[in-house]
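Right, one structure below, let's go through it.
Any read-out appearing in this document is the output of simple, stated calculations on the displayed coordinates, not a laboratory observation. Note that the coordinates shown come from a computational prediction; the quantities given were computed from them, not determined experimentally. Glycine also receives a Cβ, built like all others from the backbone with ideal geometry; neighbour counts cover every protein chain displayed.
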């Protein structure tokens, strides 16, 4: 089967890759582009570990085909920090011990950032429902929610 | 082993610094199992049985091997013969021999130049099966006429005349049960069931293996214990242990499920055949079908109590299936079921039973939550019928230092009473409840573990400290090691770097399991630091021309000590380190042992929940974990263990279960249907850390990882009982089951 040529923008950089029509965006990010921050936890869109944004919209990259990225703008966990400056969410996750193993962390950070861009002042309940598609098996979510609340507050004060 | 328990005020221990690997983990650059690749690497995929039980008549890989890009196919014929015991069990589990023993059992594997080609090739492997009758339920598997999984699997402990699926039998106890029950004012008998749950780590198993015809190999994988992986892979493949070097990646959760191997020997076998490195990554459905969930259990409990709340006698029969192999943790269940309490007359019977299910693996406090569900449910019912307070009654029966445990020895200092008192004093215990709401209380225990441990510390030329340990960091243990090393050396936390060493770098280490990493690797780190400090003091003594005994170590400095030591300005670790090349060479310290001073950890949980009477759905309103940590090295990660364990237990209690169809195949092998708790299911999880120091650790540490999953199953069930007025004896308490119980009420 011949491969498809894709030109896309990832974290602000123009990127080209060749992919099999069956490959997901997650496969392409990890295996074609070398960005392994997004993880495959389920491959069925249930765990959120592969979360990225596609033209600003939060998606599970395991449910998007690599070929669909043509002409789109993708942001991944690797594009979250600005140089040495961590995003407030990243700093607060470390500060609040909001990760144990850390494998779900990239997806949760990408999802939480998408939430705060839509809603800078979410309630705890809104946060919990927004992040309901991101499974964490280690923490019981308590410290994750606290970290997101703290980051949101800091971002509101800074804006 | 005599250790000096250091009771001074700590400078670093008990603080909450950022974890050393924090930046890697929030930026996506931490390398987990599936993130590792090698030049020339092939991709492996595994063909799995679609049948619960079937004879493998023939495997024809001709068409698969003819597909462009396919480099190797392996079956059981590519593995050595003649293995025995658990080595054989593991080999049989990673690649089926004469029979497929469960839905998902590996029967062949392929290596190809891409993952897609490997998957296509699987469809071209033709397997001829002769389907056999199957059994997946523990009670049915013990019954007369049940399909036999394998003749001759039972060990010496099984009495004659029992079904061949019963492979181990336990019978322990003491006292006079009849007299004990006769002394009771109330005796209850009830049967309970729990379903199998999966550890549910978010990272599927992944590895890259390379093995040459010279019998030398390398393996990179996500594991809780790479020395265990080395032992199992080399045994299964007929290699010498030290010829395989295993390097652990970062690990995306394990909870016991990554203390064994499933794909690693297969990747190595494919590599040996293809002469190239081979990567295998499990899909989620492979994880659920063919890694190691925990056991399901069926239990009969009888307990007697006086009207003022003293337990007079207790007995339990515990039947657990661990899949198609021996090994269900029923020995631990029998050991711990009644371990919270001081009971004179007690008796346990245990059956380890084989079924057509995947080979069980350890899951957080393996065996303990099931027994706790049964016993703590019955204790709650006794309290209810005798109109007694559940915490006061537990206090009346709680074990303490010196109590003869129901499993034999006398307890060293333990903190059950302290957790109960802290729970009683917490505002959650008195919070008002509304209609359809109920409160549940339960306590639980895990004995913890020491295990084979090696660690080394090395002083850098600038006076910073490198710590090498062999227990993978699964939940922030690098931070704990760095805190303990900082405390021991008296250097800033930031000046310590903790590395997880591969199998070629340290002596043997058991996995990060048994809640042992912070205890055992921490103890080894502290003792290795003491050895290095001795050498640092010696260098200072040589420089000053005095005896080494006249030098003490204080806050990162060597200082002369005693009346005859003389007056010398203190020497910092950095000053000594900067000259070490010319004063005797590198300075390091090592420690190797199997420390046996692990102290068990008790916990008490209180949960409030509301049951929707129209749907049967339970919503957790409040949750409190109180647990004894001995000494919390990094309290935030101790709280994290408490919270994570509680939520896994909530999932097991309310939703999670292995659902098998009439065909014996797993019906829910994706996260949509195997539903673990999500953020919107839960409130904040309140925690109280109790500290009853463990005399077996230099800083008083007790393991904290596992106890937390033991009380939630009964605590949730007790709360549902309080909310709906019906005692539920089978987990999980799914909405349909609870609704049926409500409808069936009077």
Sorted by packing (mean other beta-carbon atoms within 10 Å per residue), highest first, where do A:100-108, B:62-70, B:211-219 land?
-> A:100-108, B:211-219, B:62-70
Considering chain A, what Rg and Dmax in Å follow from its alpha-carbon atoms?
-> 15.7, 54
Rg/Rh ratio calculated on Cα atoms of region B:231-354 (Kirkwood radius) = 1.17
If R0 is 35 Å, what FRET efficiency do you get for residue B:462 and residue B:240 from their C-beta distance, rounded to 0.05?
-> 0.35
Surface/4 of the Cα convex hull for region B:404-513, nm² = 12.0 nm²
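For region A:4-79, how big is the tail of P(r) above 19 Å, as a whole percent of Cα pairs?
Tail of P(r) above 19 Å: 20 percent of Cα pairs.
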Residue separation between residue B:9 and residue B:594 times 0.36 nm, minus their alpha-carbon distance, gives in nm 207.8 nm
Averaging 1/r across every pair of distinct alpha carbons in region A:88-158 and inverting yields a Kirkwood hydrodynamic radius, in angstrom, of 11.8 Å
From the C-alpha gyration tensor of chain B, pull out the three semi-axes of the equivalent ellipsoid (sqrt of 5λ each), sorted largest to smallest, in whole Å.
-> 42, 38, 22
Debye intensity ratio I(q)/I(0), log10, the protein assembly as shown, q values 0.06 Å⁻¹ (C-alpha model) = -0.42
Counting helices only, and only those DSSP H runs with n ≥ 4, report the 222 nm mean residue ellipticity of chain B as the sum of -39,500 (n - 2.57) divided by its residues, in deg cm²/dmol to the nearest 500.
-> -8000 deg cm²/dmol
The correct pair for region B:1-142, radius of gyration to one decimal and Dmax as a whole number, both in Å and from Cα atoms, is 23.4, 71
Estimated distance in nm for a label pair at residue B:179 and residue B:81, the labels positioned 7 Å out from Cα along Cα-to-Cβ | 5.8 nm
Pairwise FRET efficiency - residue A:126 versus residue B:275, Cβ, R0 = 35 Å, nearest 0.05 | 0.05
Rounded, prolate or oblate: which fits region B:137-247 when a ≥ b ≥ c are the square roots of the eigenvalues of the alpha-carbon gyration tensor, with rounded for a/c under 1.5 and prolate only if a/b beats b/c?
-> prolate
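For region B:194-234, count all C-alpha to C-alpha pairs, find those more than 15 Å apart, and express that count as a whole percent of the total.
54 percent
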1/(1 + (r/R0)^6) with r = Cβ-Cβ of residue A:153 and residue A:13, R0 = 41 Å, i.e. FRET efficiency to nearest 0.05, evaluates to 0.80
Just subtract the alpha-carbon distance of residue B:389 and residue B:31 from 0.36 nm times their residue separation and send over the number in nm, one decimal.
-> 123.9 nm
From other protein chains only, count the Cβ atoms within 10 Å of every residue's Cβ in A:141-153, then give the mean.
-> 3
